[in-house]
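Colleague: Supplied in structure tokens, the structure appears directly below.
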Amino acid sequence: APVPIPDLTSCVVPPIELPDDIKNIDPPISCCPPFSSDIIDFKFPTFNKLRVRPAAQLVNDDYFAKYNKALELMRALPDDDPRSFYQQANIHCAYCVGGYTQKGYDVELQVHNSWLFLPFHRWYLYFYERILGSLINDPTFAIPFWNWDAPDGMQIPSIFTNPNSSLYDPRRNPTHQPPTIVDLNYNKANDNPATNPSAEEQIKINLTWMHKQMISNSKTPRQFLGSPYRGGDTPFKGAGSLENIPHTPIHIWTGDPRQPHGEDMGHFWAAGRDPLFYAHHANVDRMWSVWKTLGKKRKDFTDPDWLESEFLFYDENKNLVKVKVKDSANDRKLGYVYQDVDIPWIKYKS
Ligand code: C2O
């Protein structure tokens, strides 16, 4: 059976996968959204032209000002408004740290480590983007992507590093600020400034990883998207290549080691609190679209349990919307594409 929507009436407080030291604090951490029993079915948006999500390192000042404004407005909404930045961040906490059970089954709902990873995050970004656009009355607004798969994008994009902007988050690793090159297969234990590779070497290592994860290690939908996870299943069936590397290491590389769990980016419960999260995931999402152009068996699943799996999100009008995995498969139908930039790892041989 497909994975059903979460049961909002039994949202768990605190979520079951919170780390122990913050699980028993008082008052407990809650990631539950405002309640509504009115659920509407998703309808594809109508639009005149596709929104183009730009590479974050290439945007101009006008674009930055616009995103800054939109996020400022989102941060200013009251915490109980489902469009607020607080609630947007909590979506990740609820779906990813055991805040929800699958409706009709008494099992945890978890969108990581399975074939739900890419579709869930695509929907998440879709609503985040629509809400931002509606707050600035600009339905053409498109979020930026962190172009970490190409050399000129392999550092934290500068639009996110101005402490006076709404795109900033103080909880990031201070030693990983620009121009430090991101390590796509980051491992905390080996992070030693004395022995870390040079920037030039790191770029080559990264391109090799991209080639491996996008091409050699992902010849089938299961290898790329992740293992089947169905209605009633316990979670953690197995992540796809992209989720494993570079997705997760980039989270940990970005998060602040001075925080107990590498918050914000370094732990699922807090990752959505960093605006950089949405740019990181936009590139993850872009990689899904790119992968499908790489040929042979690199196509989406056709299993109805994947296609018919469902999630709930609040939209820009505060309506609670039920979406299906199958309606996420084509980004163009959702009204957006990614800026066309060079993809240097396709032919990259180390
Ligand atoms: Cu839901 Cu990057 O994780």
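The values are calculated or read from the model by the stated rules, or taken from the named source; none is laboratory data. Given the structure is predicted, the values throughout are model-derived calculations rather than measurements. Cβ coordinates were reconstructed from backbone atoms using ideal geometry, including for glycine residues, and neighbour counts include every protein chain displayed.
Colleague: Determine, yes or no, whether Ala270 is modelled with pLDDT of 95 or more, closer than 30 Å to Asp305 by Cβ, within 14 Å of the ligand (Cβ to nearest atom) and not hydroxyl-bearing (Ser, Thr, Tyr).
Modeller: For Ala270, the condition - modelled with pLDDT of 95 or more, closer than 30 Å to Asp305 by Cβ, within 14 Å of the ligand (Cβ to nearest atom) and not hydroxyl-bearing (Ser, Thr, Tyr) - is not met.
Colleague: Can I ask one more? Residues of segment 24-60 being within 17 Å of Thr140 (Cα to Cα) and loosely packed, with under 12 Cβ neighbours inside 10 Å, which ones?
Modeller: Scanning segment 24-60 gives Phe44, Thr46, Asn48, Lys49, Asn60.
Colleague: Ok, one more. At pLDDT 95 or above, hydroxyl-bearing (Ser, Thr, Tyr) and closer than 25 Å to Ala89 by Cα: does that describe Thr220?
Modeller: For Thr220, the condition - at pLDDT 95 or above, hydroxyl-bearing (Ser, Thr, Tyr) and closer than 25 Å to Ala89 by Cα - is not met.
Colleague: Moving to a separate point now. How many of the residues in segment 168-216 are among the small types (Gly, Ala, Ser), part of a helix (DSSP H, G or I) and farther than 19 Å from Asn147 by Cα?
Modeller: Residues flagged as among the small types (Gly, Ala, Ser), part of a helix (DSSP H, G or I) and farther than 19 Å from Asn147 by Cα within segment 168-216 amount to 2.
Colleague: Next up: Criterion first (within 14 Å of the ligand (Cβ to nearest atom) and of a type in the set (A, V, I, L, M)) does Leu207 satisfy it?
Modeller: no
Colleague: Scan the helices (runs of 4 or more DSSP H) fully inside segment 240-350 and keep the ones with 2 or more residues being surrounded by fewer than 22 Cβ atoms within 10 Å (Cβ to Cβ) and in contact (Cβ under 8 Å) with a residue 40 or more places away in the chain.
Modeller: Passing ranges, in order: 248-254, 276-291, 304-307.
Colleague: Which residue pairs have Cβ atoms under 9 Å apart, sit 6 or more places apart or on different chains, and have a first residue in segment 79-96 that is at pLDDT 95 or above and a second that is within 11 Å of the ligand (Cβ to nearest atom) and among the charged types (D, E, K, R)?
Modeller: Ala89/Asp274
Colleague: Scan segment 84-96 and give yes if some residue there is over 14 Å from the mean Cα position of the chain (by Cα), surrounded by fewer than 22 Cβ atoms within 10 Å (Cβ to Cβ) and not aromatic (Phe, Trp, Tyr), otherwise no.
Modeller: yes
Colleague: Quickly run through segment 101-120 and pick out the residues that are more than 14 Å from the chain's Cα centre (by Cα) and among the β-branched types (Val, Ile, Thr).
Modeller: Listed by number, the residues that qualify are Thr101, Val107.
Colleague: Under the condition of being within 16 Å of the ligand (Cβ to nearest atom) and of a type in the set (Gly, Ala, Ser), which residue from segment 275-305 is nearest to Tyr126 (Cα to Cα)?
Modeller: Ala282
Colleague: If you don't mind, there's one more thing I want to ask. Return the only residue of Tyr100, Tyr124, Tyr67 being out of contact with any Leu (no Cβ under 9 Å at 6 or more places or on another chain), hydroxyl-bearing (Ser, Thr, Tyr) and either closer than 26 Å to Ser328 by Cα or surrounded by 16 or more Cβ atoms within 10 Å (Cβ to Cβ) (or both).
Modeller: None of the others qualify; the one that does is Tyr124.
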